[in-house]
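Worksheet: the structure to be examined is printed underneath.
Taken together, the values in this text are just the output of simple stated rules run on the coordinates, not laboratory data. The model shown is predicted, which means the values in this text are computed figures rather than measured ones. Using ideal geometry, Cβ is built from the backbone for each residue, glycine included, and neighbour counts are taken over all protein chains shown.
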Amino acid sequence: MKPNDKPLWYDVYEAFPPKYEPFFGRPAPKMKIRQIFYPEDVIRAQFYKKYGSQGTARLSDKSSRPTVCQLFVKEYERLQADGNIPEDQLMQEAALALEARGIYLDRSRVPPKVESSELRMDEERLPSSNIDSEKLSLAEIFKNSQADESK
């Protein structure tokens, strides 16, 4: 066999051959498979049971931002390590701590959006008075005000 034609696993198989030659007809060994659960697995399961999926995660994202579930688990573990909160209230307190950071797990607790009438009241404070607050989002108004300031 040419070195270029050799499969990737060949060198590993050669260096660490199995104790018994693999054969498709050989019965699988009878052994008990242990369940491996880490403490964060239990927390994660409770999170998904109560709040469901919080959106998709991009595995190809280079910034590697933590998911909402990962943030929740870290907050839960931090509160648990403090020891001030009873075990039955940790889920609720972790959710409240994330809400304080602007991450709402319960969709019914999301604060209402700013109404366009409230934006009109603030229009006098904006550097540019030609911005139509009915059609622009708050982010666009902010960008426009920054652009006007730089002129």
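General observations
- 3J(HN,Hα) from dihedral phi, segment 38-47, Karplus parametrisation 6.51/-1.76/1.60, rounded to Hz, x for glycine, proline: 9, x, 5, 5, 5, 4, 4, 5, 5, 4
- Of the trypsin sites (Lys or Arg not before Pro) in segment 8-89, the ones in a loop by DSSP (not H, G, I, E or B) with at most 11 other beta carbons within 10 Å are Lys19, Lys30, Lys32, Arg34, Arg58, Lys62.
- Neighbour cut-off at most 11 other Cβ (10 Å), DSSP loop, chymotrypsin sites (Phe, Trp or Tyr not before Pro), segment 24-87: Phe24, Phe37
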